[in-house]
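The structure appears right after this line, and notes come after that.
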Amino acid sequence: MSTTIDQYREAKNSYLKLRNQAKKELIARFHEVANEMLQIQRELLEDFGEKVPLPTKGKKPRPVKKVAAAPVTSPEPISPKVLAIQKQLERQKKKLADTKEAGKATKTLEDRIYELEDELRLAQGN
């Protein structure tokens, strides 16, 4: 009977050692990933001016729902109004790129692009 108890105690000790070792490794890995996230966040802000907040809570994986494939329909024709707005938007974007190359002020062109993008969204929504 004592051999079973001894085996149990040895198994318990080895489990506790493995548990502590795994805990230390997980904490070290967590800090590595956290430092990498901070580095990426810093690069995004410095290089691209994009401020991305760090997540406060992890997202739980959601189960994947199988959805029946939608029947393929022919695309609806694009209205002339939408086409006209798209062309204007392309022209304004080209002007913006040229103006930036020349080193001139771009605020008014950027504002016009935002306006055209809003118009386009509204026109496509109808």
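The values are calculated or read from the model by the stated rules, or taken from the named source; none is laboratory data. Here the structure is a predicted model, which means the values were calculated and not measured. Positions of Cβ are backbone-derived with ideal geometry, glycine not excepted, and every protein chain shown enters the neighbour counts.
Observations
- Within this structure, K51 fails the test of being surrounded by 10 or more Cβ atoms within 10 Å (Cβ to Cβ), modelled with pLDDT under 90 and among the basic types (K, R).
- Filtered residues of the range 80-96 (kept if basic (K, R) and either surrounded by 15 or more Cβ atoms within 10 Å (Cβ to Cβ) or within 30 Å of the chain's Cα centre (by Cα) (or both)): K87, R91, K93, K94, K95
- Taking the listed residues E101, E36, the one that is under 24 Å from E117 (Cα atoms), acidic (D, E) and not in a loop (DSSP other than H, G, I, E, B) is E101, with no other qualifying.
- Some residue of the range 10-30 being surrounded by 10 or more Cβ atoms within 10 Å (Cβ to Cβ), outside any helix (DSSP H, G or I) and without any contact (Cβ under 8 Å) to a residue 12 or more places away in the chain: no
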